[in-house]
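Read the structure below first, then the notes.
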Amino acid sequence: MEDVTAGSLGERDTPSWLQGQNKAKAAEIAGHFAQIMQVLGLDLSDPHLRGTPDRVGRMYMEIFRELDDQGEPEITCFPNSDGYDNMVIVKDIEFFSVCSHHLIPFFGKAHIAYIPRDSIVGLSKIVRIVEFYARRPQLQERLTQQIVDFLEAKLAPKGSIVVMEARHLCMEMRGVERPGAVTTTSALRGRFAEPIVREEFFNLIKKN
């Protein structure tokens, strides 16, 4: 993660997630976090903790930067001129998000496929869709649904499916404290409701 020191860059060189109102938000978050650290009895004069509130403020504005965009991610669709009607799969998309219940990270991989009808989408845009919905407080179940709903709305495909596998630090660091547990969620539409189509998808994503 990029470490940007407040005041060290000009406004033009500062990342968009730390400009203008966001810079003020980062400072406000830093103030509140300093109070939390004091409640915990941490010594803010410690050289390793002195700048922590500011770093946390900037970090929150960075990892939640998609909250500024209240619309949907912009993607470019192309006509399916060749009439391709088999699966398009992008698997092993690494992502991270933050659990909305405890604000602790969860992270893992997404596997996404759709069967085109009239439109196809650039493969990199599928990764962008995952990032857009992940960079905000989330539930894995909701994140999975949002991605498949977006594909359905934008592409109107013959079918679409999203499978997400993730480790949740809110389960590993606290609560049951079970490191390594993986949560899998799925959402499917259209032809992926057919067992033979769904089985083909799962077989393909298992391959190296």
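Could you work out the local net charge near Ile147, counting Lys and Arg as +1, Asp and Glu as -1, over the other residues with Cβ closer than 14 Å to its Cβ? Please report the intermediate quantities before stating the final value.
Values: positive: Lys91, Lys109, Lys125, Arg128, Arg135, Arg136, Arg142, Lys154, Arg189; negative: Glu66, Glu72, Glu131, Glu141, Asp149, Glu152, Glu165.
It works out to a net charge of +2.
Given H placed 1.01 Å from N in the peptide plane, which residues other than close sequence neighbours of Val98 have an amide H under 5 Å from its amide H?
HN-HN under 5 Å from Val98: Phe106, Arg136, Gln138.
Find the Cα radius of gyration of the chain, compare it with 2.2 N^0.38 Å by division, and give the number to two decimals.
Normalised Cα radius of gyration, the chain: 1.22.
Set the bar at 22 Å for Cα to Cα. Now go through Lys109/Lys158; Lys25/Lys154; Lys154/Lys206; Lys125/Lys154 and name every pair that lies beyond it. Please list the in-between numbers first.
Details: Lys109/Lys158 24 Å; Lys25/Lys154 33 Å; Lys154/Lys206 27 Å; Lys125/Lys154 12 Å.
Checking Cα-Cα distances, Lys109/Lys158; Lys25/Lys154; Lys154/Lys206 exceed 22 Å.
For Asn80 and Asn203, what is the calculated FRET efficiency with R₀ set at 30 Å and r taken between the beta-carbons, to the nearest 0.05? Before the final figure, lay out each step's value.
Numbers: r = 24 Å, r/R0 = 0.80.
Result of the calculation: an efficiency of 0.80.
Amide H neighbours of Arg117 under 5 Å, counting only residues 5+ apart in sequence or on other chains, H built in-plane at 1.01 Å?
The list, which skips near neighbours in sequence, is Lys158.
Please compute the modelled spin-label separation between Glu165 and Leu42, points set 7 Å along Cα→Cβ, answer in nm with one decimal.
Using points 7 Å along Cα→Cβ, the separation is 3.4 nm.
Just the accessible area per residue of the range 51-208, please: how many Å² with a 1.4 Å probe?
On the way: 8300 Å² over 158 residues.
Here the per-residue accessible area is 53 Å².
Leaving out ligands, DNA and RNA but keeping every protein chain, what accessible area does Arg65 have, in Å² rounded to the nearest 10, with a 1.4 Å probe?
That residue has around 70 Å² of solvent-accessible surface.
Once phi is turned into θ = phi - 60°, what whole-Hz ³J(HN,Hα) does the Karplus curve with 6.51, -1.76 and 1.60 give for every residue of the range 149-154, x standing for Gly and Pro?
So the Karplus estimates, Gly and Pro as x, are 5, 5, 4, 5, 5, 8 Hz.
In degrees from 0 to 90, rounded to the nearest 10, what is the angle of the helix 52-63 Cα long axis to the longest principal axis of the chain?
Once rounded, the angle reads 20 degrees.
Dipole magnitude of the chain about its Cα centre, charges +1 at Lys/Arg Cβ and -1 at Asp/Glu Cβ only, in debye to the nearest 20? Write down the numbers at each step before the final one.
Working: 25 positive and 29 negative charges, 67 e Å.
About 320 debye.
The values are calculated or read from the model by the stated rules, or taken from the named source; none is laboratory data. Computed from a predicted structure; not experimentally measured. Positions of Cβ are generated from backbone atoms using ideal geometry, with glycine treated the same way; all protein chains shown enter the neighbour counts. Heavy atoms of the whole protein, side chains included, go into the accessibility calculation; ligands, DNA and RNA do not. Shrake-Rupley method; radii C 1.70, N 1.55, O 1.52, S 1.80 Å.
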